[in-house]
1. State all residues of the range 20-39 that are hydrophobic (A, V, I, L, M, F, W, C) and in a strand (DSSP E or B); if no residue qualifies, say none.
2. Identify all residues within the range 11-38 that are out of contact with any helix residue (DSSP H, G or I) (no Cβ under 7 Å at 6 or more places or on another chain), open to solvent by 60 Å² or more (accessible area, probe 1.4 Å), farther than 16 Å from Ala89 by Cα and modelled with pLDDT under 90; write none if there are none.
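The values are calculated or read from the model by the stated rules, or taken from the named source; none is laboratory data. As the structure is a computational prediction, the values presented were derived from the model and not from experiment. We place every Cβ from the backbone using ideal geometry, glycine too, and count neighbours over all the protein chains shown. For accessibility, only protein heavy atoms count, side chains too; no ligands or nucleic acids. Shrake-Rupley method; radii C 1.70, N 1.55, O 1.52, S 1.80 Å.
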Amino acid sequence: MNIEYSDILLNQVPVKIPDEDRELDGVFDFPCESSWNGCAVVLTHGAGGDMNYLHLEKLASHLANTGILCLRFTCRTRNFQYRTRCFAAVVVS
């Protein structure tokens, strides 16, 4: 995932995150370049949810507005070990 500020027209950019034989849906919420403080956070949802839950969207937007790069992603499964592996795949990508 090589994304640079010059490629961004909006502050949200959808991405596909590789995980073994599938891809996870994700969204980067970018702060404006002048406010980015070098910090980033990865968010995911609880069981049965997805990255588009209103509270996650608002949290990601708030973080971006305060200068923090945010990546939200969806991992639909109730298997905790699989969710942990997906989270690791997101961080490594």
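1. Restricting attention to the range 20-39, the residues satisfying the condition of being hydrophobic (A, V, I, L, M, F, W, C) are 24, 27-28, 30, 32, 36, 39.
Leu24, Val27, Phe28, listed by residue number.
2. Across the range 11-38, the qualifying residues are Gln12, Cys32, Ser34, Trp36, Asn37.
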